[in-house]
Amino acid sequence: MQETGKNKAYHTLSLSIRLRADGFSFFVCDLQTGSLMRGEHFALATGETMAKRLTTELSRSDYFNRQINQAFVMTDTASTLVPLEEFRREEVSQLYDFLFSQKQQKHRVAYTIMPHLEAVEVFAIDGDVEDAIVQYYPTARFFGSQAMLIERLARYSTEMDAANGHCLYCLSNPNTVTLMALEQNRLLFANTFDATNTADSLFFVLGTWKQLGLDACEDTLMILEQRSHPDDELKHELEPYIANIVTLTPEQLFSDMPLSREVHVPLQLMALLLNRF
């Protein structure tokens, strides 16, 4: 029966899928308001394939219905950044297989071009996983874990027009630390290091700081806050070596959009969904 009275605003929704080595997460978002409608995390059981579990969960009406009109997929598989001037579409599969030959054999190599930063992120999607998703969302768009966040940081850096020297961005996760540096809308450095403890992270931050020739008194280390994985210890250990250490919150980075206040939505996914705001 048709609803009577004052019509309520009807917003189409998007489904974002974050693929991890041990499982995946679903986030249903209203992109018109930049808000999260629901989120759920799934861990794989022993012997269970990600493709099979995705098929099961995507068949539910919570995640496959007429109100959801677009799917975005972000994968944590290994990726690499290539200068745009050296990027060749016809060589991208060979490049990825050369760099990550130990990875799964059945995969599609994909890429995201960052034209303003003159760089390309190259990553891979497991073939069975892709098949499981596109049977429900044929127009699903796939992304690696770095490009969207780097683009947001470039925009933030330009908007701030920082006059206090150069800046190194640091994103700390339980087993990795990602470091990124930009200058005048150019990507100078981006790399993710295996770091299972604070000492490892400290080593890579200071090593990269030295490699980039940054000044301990004039330049800034910007630590990207991850509320799901707070790391105050790293900041404390870095304070004797770097004078200017600033914590950049998701609200600051994403213009205080509602989604930026969600604890369990990773920064990379926020960047994917909120870059247009």
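Only the coordinates and a few stated rules stand behind these numbers; no lab work does. Just so it is clear, the structure is predicted and the values come from calculations on it, not from any experiment. In this analysis, Cβ positions are derived from the backbone assuming ideal geometry, glycine residues included, and neighbour counts consider all displayed protein chains.
Observations on the model:
- Trypsin sites (Lys or Arg not before Pro) lying in DSSP loop within the stretch 86-155, provided at most 12 other Cβ fall within 10 Å: Arg88, Lys106
- Cross-link reach list, aspartates and glutamates versus Lys210, counting only Cα pairs under 19 Å and skipping chain neighbours closer than eight places: Glu183, Asp194, Asp200, Glu218, Asp219, Glu237, Glu239
- P(r), alpha carbons of the chain - 10 Å bins starting at zero, rounded %: 6, 26, 34, 23, 8, 2, 0
- Debye-sum result for the stretch 11-145 in log10 I(q)/I(0), which assumes one identical scatterer on each alpha carbon, at q = 0.13, 0.14 Å⁻¹: -0.60, -0.69
- Charge sum, other residues only, whose C-beta stays under 12 Å from Gly213's C-beta, Lys/Arg counted +1 and Asp/Glu -1: -3
- With contacts taken as Cα pairs under 8 Å and at least 6 residues apart, the stretch 11-145 reaches a relative contact order of 27 percent.
- Within a straight-line Cα-Cα reach of under 19 Å, Lys106 can be paired with the following aspartates and glutamates, leaving aside sequence neighbours fewer than 8 residues apart in one chain: Asp22, Glu48, Asp76, Glu90, Glu91, Asp97, Asp126, Asp128, Glu130, Asp131.
- Sorting His11, His107 by the number of Cβ atoms found within 10 Å of their own Cβ, with the fewest placed first, yields His11, His107.
- Local electrostatic count, Lys52, Cβ distance below 13 Å [Lys/Arg +1, Asp/Glu -1]: -4
- Projected label distance in nm at Tyr136 and Met160, using a 7 Å step from Cα toward the beta-carbon: 3.8 nm
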